[in-house]
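For reference, the structure discussed in these notes is given below.
The values are calculated or read from the model by the stated rules, or taken from the named source; none is laboratory data. The model shown is predicted, which means the values in this text are computed figures rather than measured ones. So basically every Cβ, Gly included, is an ideal-geometry build from the backbone, and we count neighbours across all protein chains shown. Accessible surface is based on the protein model in full, side chains and every heavy atom, while ligands, DNA and RNA are left aside. Shrake-Rupley method; radii C 1.70, N 1.55, O 1.52, S 1.80 Å.
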Amino acid sequence: MTTLVLDNGAYNAKIGYSHDSVSVIPNCQFRSKTARLKTFTANQIDEIKDPSGLFYILPFQKGYLVNWDVQRQVWDYLFGKEMYQVDFLDTNIIITEPYFNFTSIQESMNEILFEEYQFQAVLRVNAGALSAHRYFRDNPSELCCIIVDSGYSFTHIVPYCRSKKKKEAIIRINVGGKLLTNHLKEIISYRQLHVMDETHVINQVKEDVCYVSQDFYRDMDIAKLKGEDNTVMIDYVLPDFSTIKKGFCKPREEMVLSGKYKSGEQILRLANERFAVPEILFNPSDIGIQEMGIPEAIVYSIQNLPEEMQPHFFKNIVLTGGNSLFPGFRDRVYSEVRCLTPTDYDVSVVLPENPITYSWEGGKLISENDDFEDMVVTREDYEENGHSVCEEKFDI
């Protein structure tokens, strides 16, 4: 019996057999402006000649799986002959879903996995639980950890103790990568170039140039300086999809600080946007979202737990999800949590080597566990007892 592990994120699906390696694939469909009628699924995006003005068709809205038609098409493609050639009669699946998922979505998920695809056994689980499992496996002496999962739709902060999540201390911040990209689009459109339709391009800009400031006001002052002194300012060459396939940053020595570039490249000049956009993760109130930033929420979450457990959580803070790849993210979380924590507690913030696939690797480890068979719901169970058996078994 093989096991397929699918960390079904709102932006990327991390998928692979448990005996194999993982692929990170866009969990959506695309339409390009030029070929309006043709829909591209998942990693077929590479085939699009001109990805400017790409329409995204996403299965997830506000972090929950609502568009089943799109999700089915993506899954059909992933499970089908072009990708994983899944033999459903001989395959179990571990699949992730968000915290506080709605019952109706859980029921649809059960139906599709058991009745349409006919997997032999299913384990539905939160991505954080897989990350925690991986962390406990790497650090066997630890009993507690707090998983900070900052993804596309939102950021979750979830304490785990002996692989059980502490429901009363889970915090969700409604800031994720999607909001950051949209905010960057608005700022650039307001200041320089109309890019509201260029989600794909601006997302790439965000990943290439944004970083988390360690001292916001100092960086703001640097960004106001003129000429050479302004070390924050950077020129980004936008792709034109004929000669330049992917945007890139101009090396500092090639930057023209006054006047125009001679070449026909289209340039975005970015200064304080580089750190003001990721800053929203730390101060959502900057753009009018009345919520805590990540470090404050970590401390608040831990303070909701029994006092004798708190020191164990402070020294096992684990960062996962795409936003944790911003340069400076880990250091900033550490320094702010340190400031908010009593001095007699140790604080340690861990950024795994690959925070995006970390939970997938946890799923791979769970599938190799001896008690894996007790965790899943088999197709016979489901056919006999329906959704109720899944509700009892899965700790969602």
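Taking all Cα pairs closer than 8 Å and separated by 6 or more residues, the relative contact order of the chain comes to 19 percent.
Between the alpha-carbon centres of region 1-42 and region 79-111 there is a gap of 13 Å. What accessible surface, in Å², does a 1.4 Å probe find on HIS194, ignoring ligands, DNA and RNA and rounding to the nearest 10? Rounded to the nearest 10, that gives 140 Å².
Sparse packing (at most 12 other Cβ atoms within 10 Å of the Cβ) combined with a DSSP loop state is found for the following trypsin sites (Lys or Arg not before Pro) in region 262-305: LYS262. Normalising the average separation of contacting C-alpha pairs (under 8 angstrom, six or more residues apart) by the number of residues puts the relative contact order of region 177-279 at 32 percent. Using equal-weight Cα scatterers in the Debye expression, the normalised intensity of region 51-93 in log10 at q = 0.14, 0.19, 0.30 Å⁻¹ is -0.46, -0.73, -0.99. Between the listed residues LEU123, ILE146, MET375, the Cα displaced farthest toward the positive end of the dipole of the chain, a dipole computed from Cβ unit charges relative to the Cα centre, is found at ILE146. Comparing Cα centroids, region 208-233 and region 236-309 end up 11 angstrom apart. On the beta carbon distance between GLU142 and GLU383, with R0 = 41 Å, the FRET formula returns roughly 0.55. For LYS165, a cut-off of 16 angstrom between C-alpha atoms picks up these lysines, skipping any fewer than 8 places away in its own chain: LYS393.
A Förster radius of 22 Å, combined with the Cβ-Cβ distance separating GLN266 from ILE57, puts the computed FRET efficiency at roughly 0.25. Mean projection of the Cα convex hull over all viewing directions, computed for region 177-279: 6.7 nm². Ranking ARG134, ARG218 from most to least accessible surface, computed with a 1.4 Å probe over the protein chains only, gives ARG218, ARG134. With 0.36 nm allotted per residue and the present C-alpha distance subtracted, the ASP331-TYR17 stretch has 109.6 nm of extension available.
Listed values for region 94-101 are Karplus-derived 3J(HN,Hα) couplings in whole Hz (6.51 cos²θ - 1.76 cosθ + 1.60, θ = phi - 60°), namely 10, 10, 9, 8, x, 5, 6, 5, and x replaces Gly and Pro. From the alpha carbon centroid of region 129-149 to that of region 159-179 is 13 Å.
Annotation for region 135-205: trypsin sites (Lys or Arg not before Pro) lying in DSSP loop with at most 15 further Cβ atoms inside 10 Å of their Cβ are ARG162.
On full extension, the segment bounded by GLU254 and GLU392 gains 43.5 nm, given 0.36 nm per residue less the C-alpha separation.
The length gained on full extension between ASN304 and LEU89, counted as 0.36 nm times the residue separation minus their Cα-Cα distance, comes to 72.9 nm.
Farthest toward the positive end of the dipole of the chain, out of ALA223, PRO278, ILE57, is the Cα of ALA223, where the dipole comes from beta carbon charges about the Cα centre. Going through (i) -0.40, -0.51; (ii) -0.36, -0.47; (iii) -0.56, -0.67, the figure that equals log10 I(q)/I(0) by the Debye sum over Cα atoms at q = 0.07, 0.08 Å⁻¹ as computed for the structure here is (ii).
Ranked by solvent-accessible area (1.4 Å probe, protein heavy atoms only, all chains present), the residues MET196, MET255 order from largest to smallest as MET196, MET255. Dipole of region 177-279 computed with +1 at Lys/Arg Cβ and -1 at Asp/Glu Cβ about the Cα centre; of PHE248, GLY264, ILE188, farthest Cα towards the positive end is GLY264.
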